[in-house]
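A.B. asks: Let me give you the structure first, and then I'll get to my questions.
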Amino acid sequence: MHRTHVRVLEDVLDANGTIARANRADFDREGVTVVNLMGSPGAGKTTVLEQVVGSLPGVRVGVLEGDVKGSFDADRIAALHVPVTQINTDPSFGGECHLDANMVRSAVPMLPLAEIDLLVIENVGNLVCPAEFQVGEHARVMVSSVTEGEDKPLKYPLMFRACELVLVNKIDLLPHLDFDLDKFLYHLDAVQPGVTHIELSAKTGEGLDAWQDWLVKAAMRERIPA
Amino acid sequence: MHELSIASAIVATVERHAGGSPVTVVRVRVGRLRQVVPDSLEFCFGMVARESVCEGARLELEVVPAVLRCAACEHEWEIEAPPFWCPECAGGDVAAVRGEELEVESIEIEQEESACIART
């Protein structure tokens, strides 16, 4: 036996990237803009979606719900008569903590791509793992709520650097919290200078028009380079 | 725990290059800007390597420092932590030149002497 050195120089997530590009090609062929919605559990991902998906002027929306288990979020979206497809990362206990390109690939045949203009993929609630895995999206949005603390951009820079839009949710709670919004925005700018953010409350409706407007423009490809 | 997915992806990458030969060393370059925990990755690698060509292989991780470049003034600098603003001109249009790597750099494989002779 002898030892041989083999140069590899291959991206570890190359296989995921290849499948993500195939997903993206399918979405582009059908003229569907895809937004990957990320954030920690309880940040309000489903709620900020629920508040706008039923009423986007001129945009037909579909939702792909990624969850470790259950269809609680999908049921909430379906109640709004919006087409929704569910992926569970594990049918029993302790599934994957993120969606990857292959999981989304498996859902593509179930998606009504010909009937929608915008697909929102709600990722598994997590501030670390989803940022590593592209799924074929055109844009990434993360929801960060004011109950999570103003240090989060510094603790999870990869996630905050991976997105084109940050929704700062639950601002109706600001009077009751020690959360310093200016400090949060300073930290956000420190990890991703100039990133767009919208301050909103899914409960009172404040800021929802700006979020709705962003989605409509995204669907029209006005802000997102092809 | 995305380290488990990454470890599986490393084993799959190595399998494509090892030609079925047992692997003794796997060298992986991890950029500072990736959220990969080395200890966790090593632990997961040991687990998913079982019953593959990587069984018993040593995982060597090289951490690549993060280097940013400012689009406005073209200054390049290494960072350990945020902020990502340019220290020269305070510009915010910065891109990572290095530090986003996550690649299998090379592997060491065990080959039969006879295979080598047959090839020459």
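A.B. asks: Non-local amide H neighbours of B:L102 (under 5 Å, H modeled in plane, Pro and chain starts lacking H): which ones?
C.D. replies: Hits under the 5 Å cutoff: A:V12, B:G31.
A.B. asks: I've got another one for you. Find the accessible area per residue for chain B; the probe is 1.4 Å, ligands and nucleic acids are left out, and the unit is Å². Don't skip to the answer; put the middle values down first.
C.D. replies: Details: 6100 Å² over 120 residues.
Solvent-accessible surface per residue comes out at 51 Å².
A.B. asks: Between B:R58 and A:K69, what is the spin-label point distance in nm, taking each point 7 Å from the Cα along the Cα→C-beta axis?
C.D. replies: Distance between label points: 4.1 nm.
A.B. asks: On the first, second and third principal axes, largest extent first, how far apart are the outermost C-alpha atoms of chain B in Å?
C.D. replies: 61, 38, 16
A.B. asks: Antiparallel DSSP bridges in chain A: what percent, to the nearest 5?
C.D. replies: Working: 1 of 30 bridges.
So the antiparallel bridges in chain A amount to around 5 percent.
A.B. asks: Another question, then. Considering only the other residues whose Cβ falls under 9 Å of the Cβ of A:R60, what net charge follows from Lys and Arg at +1 and Asp and Glu at -1?
C.D. replies: Numbers: positive: none; negative: A:E115, A:D117.
That sum, taken over residues with Cβ under 9 Å, equals -2.
A.B. asks: Sticking with this one: Cβ under 13 Å from B:H2's Cβ, B:H2 left aside: what net charge do those residues give with Lys, Arg +1 and Asp, Glu -1? Can you show the working numbers first?
C.D. replies: Numbers: positive: B:R34; negative: A:E96, A:D100, A:E132, B:E3.
Taking every other residue near B:H2 into account, the sum is -3.
A.B. asks: So for segment A:123-226, averaging the separation of alpha carbon pairs under 8 Å that are six or more residues apart and normalising by length, what relative contact order in percent results? Before the final figure, lay out each step's value.
C.D. replies: Values: 131 pairs, mean separation 26.9, N = 104.
Computed over segment A:123-226, the figure is 26 percent.
A.B. asks: In segment A:1-97, which chymotrypsin sites (Phe, Trp or Tyr not before Pro) fall in coil by DSSP and have 15 or fewer other Cβ atoms within 10 Å? Display every interim value, and only then the final one.
C.D. replies: On the way: sites: A:F27, A:F72, A:F93; in loops: A:F93.
Here the chymotrypsin sites (Phe, Trp or Tyr not before Pro) that fit, given the DSSP loop and packing criteria, are A:F93.
A.B. asks: Let me have the relative contact order for chain A, percent, based on Cα pairs under 8 Å that are six or more residues apart. The partial results should precede the final answer.
C.D. replies: Numbers: 421 pairs, mean separation 54.1, N = 226.
Computed over chain A, the figure is 24 percent.
A.B. asks: If you place +1 on the Cβ of every Lys and Arg and -1 on the Cβ of every Asp and Glu, how big does the dipole about the Cα centre of segment A:159-205 come out, in debye to the nearest 20?
C.D. replies: Details: 4 positive and 7 negative charges, 30 e Å.
Here the size comes out at about 140 debye.
A.B. asks: Report in % the part of the accessible area of chain A that belongs to carbon and sulfur, leaving out ligands and nucleic acids; probe 1.4 Å.
C.D. replies: Whole-percent figure for carbon plus sulfur exposure: 52.
A.B. asks: Let me ask something additional. Report the FRET efficiency, 1/(1 + (r/R0)^6), for A:V6 and A:N102, where r is their Cβ-Cβ distance and R0 is 25 Å, rounded to 0.05. Don't jump to the answer; show the numbers that get you there.
C.D. replies: Numbers: r = 26 Å, r/R0 = 1.05.
Here the calculated transfer efficiency is 0.45.
A.B. asks: Mind putting a number on the dipole of segment A:14-219 about its Cα centre? Charges go on the C-beta only, +1 for Lys and Arg and -1 for Asp and Glu, and I need it in Debye to the nearest 20. Before the final figure, lay out the partial values.
C.D. replies: Values: 16 positive and 30 negative charges, 59 e Å.
About 280 debye.
A.B. asks: From the phi of every residue in segment A:98-110, what ³J(HN,Hα) in whole Hz does the Karplus formula 6.51 cos²θ - 1.76 cosθ + 1.60 yield, where θ is phi - 60° and glycine or proline is x?
C.D. replies: These are the phi-based 3J(HN,Hα) values: 7, 8, 10, 4, 5, 5, 5, 4, 5, 8, 3, x, 8 Hz.
A.B. asks: Hey, another quick one. Using only the Cα atoms, work out Rg/Rh for segment A:1-128, with Rh taken as the Kirkwood radius, to two decimals. Each step should come with its number before you reach the end.
C.D. replies: Values: Rg = 17.2 Å, Rh = 15.9 Å.
In segment A:1-128, Rg relative to Rh is 1.08.
A.B. asks: Tell me, what is the percent relative contact order of chain B, built from C-alpha pairs under 8 Å that lie six or more residues apart?
C.D. replies: Worked out over chain B, it gives 34 percent.
A.B. asks: Let me ask you something else. Count of lysine pairs in the protein assembly as shown with Cα atoms under 28 Å apart, counting only pairs 8 or more residues apart in sequence or on different chains?
C.D. replies: 23
A.B. asks: To the nearest 10 square angstrom, how much accessible area does B:C86 have with a 1.4 angstrom probe?
C.D. replies: Around 10 Å² of this residue is reachable by solvent.
A.B. asks: Right, here's the next one. Tell me, which residues of segment B:1-42 get at least 50 Å² less accessible area when the other protein chains come in, versus the chain alone (1.4 Å probe)?
C.D. replies: The answer is B:H2, B:S5, B:H17, B:R34, B:Q35 - residues whose exposure falls by at least 50 Å² when every protein chain is included.
A.B. asks: Cα-based Rg of segment A:14-219 per 2.2 N^0.38 Å, rounded to two decimals? Before the final figure, lay out the partial values.
C.D. replies: Details: Rg = 16.2 Å, N = 206, 2.2 N^0.38 = 16.7 Å.
Against the compact-globule rule of thumb, the ratio is 0.97.
A.B. asks: Could you state the accessible area per residue of chain A in Å², with a 1.4 Å probe and every protein chain left in place? Numbers along the way, then the final one.
C.D. replies: Values: 9550 Å² over 226 residues.
Spelled out: the 1.4 Å probe surface of chain A, per residue, equals 42 Å².
A.B. asks: Partner chain Cβ atoms within 10 Å, averaged over the residues of B:103-113 - can you pull that number for me?
C.D. replies: Details: counts 7, 8, 4, 5, 5, 4, 6, 4, 5, 2, 2.
Per residue, the average neighbour count from other chains is 5.
A.B. asks: Suppose every K and R has +1 on its Cβ and every D and E has -1 on its Cβ; what is the size of the dipole of chain B about the Cα centre, in Debye to the nearest 20?
C.D. replies: Working: 10 positive and 22 negative charges, 39 e Å.
It works out to roughly 180 debye.
A.B. asks: Suppose R0 equals 45 Å; then what is the FRET efficiency for B:V25 and B:E74 from their Cβ-Cβ distance, rounded to the nearest 0.05? Don't skip to the end; give the middle numbers.
C.D. replies: Values: r = 38 Å, r/R0 = 0.85.
Efficiency, rounded to the nearest 0.05: 0.75.
A.B. asks: Over the whole of B:86-99, what's the average partner chain Cβ count within 10 Å per residue? Rounded to a whole number, please.
C.D. replies: Details: counts 1, 0, 0, 0, 1, 2, 6, 2, 3, 0, 1, 0, 0, 0.
Per residue, the average neighbour count from other chains is 1.
A.B. asks: Taking Cα atoms, how many degrees apart are the long axis of helix B:38-48 and the longest axis of chain B, rounded to 10 and kept between 0 and 90?
C.D. replies: The two axes meet at around 30 degrees.
A.B. asks: Between chains A and B, what is the buried accessible area summed over both chains (1.4 Å probe, protein heavy atoms, nearest 100 Å²)? Please list the in-between numbers first.
C.D. replies: Numbers: alone 11220 and 7700 Å², together 15650 Å².
Summing both chains' loss of accessible area gives about 3300 Å².
A.B. asks: When the convex hull of the C-alpha atoms of the protein assembly as shown is computed, what volume per residue in Å³ does it have? Show your work: numbers first, answer last.
C.D. replies: On the way: hull volume 56.1 nm³, N = 346.
Once divided by residue count, the hull of the protein assembly as shown is 162 Å³.
A.B. asks: Could you work out the mean count of beta carbons from other protein chains within 10 Å of each residue's beta carbon in A:125-135? The partial results should precede the final answer.
C.D. replies: On the way: counts 0, 2, 1, 6, 7, 1, 3, 8, 3, 0, 0.
For this peptide, the per-residue mean of nearby foreign Cβ atoms is 3.
The values are calculated or read from the model by the stated rules, or taken from the named source; none is laboratory data. Owing to the predicted nature of the structure, the values given are computational and were not obtained by experimental measurement. Every residue, glycine as well, gets a Cβ built from its backbone with ideal geometry; the counts of neighbours run over all protein chains shown. The area values use the complete protein model at the heavy-atom level, side chains included, leaving out ligands, DNA and RNA. Shrake-Rupley method; radii C 1.70, N 1.55, O 1.52, S 1.80 Å.
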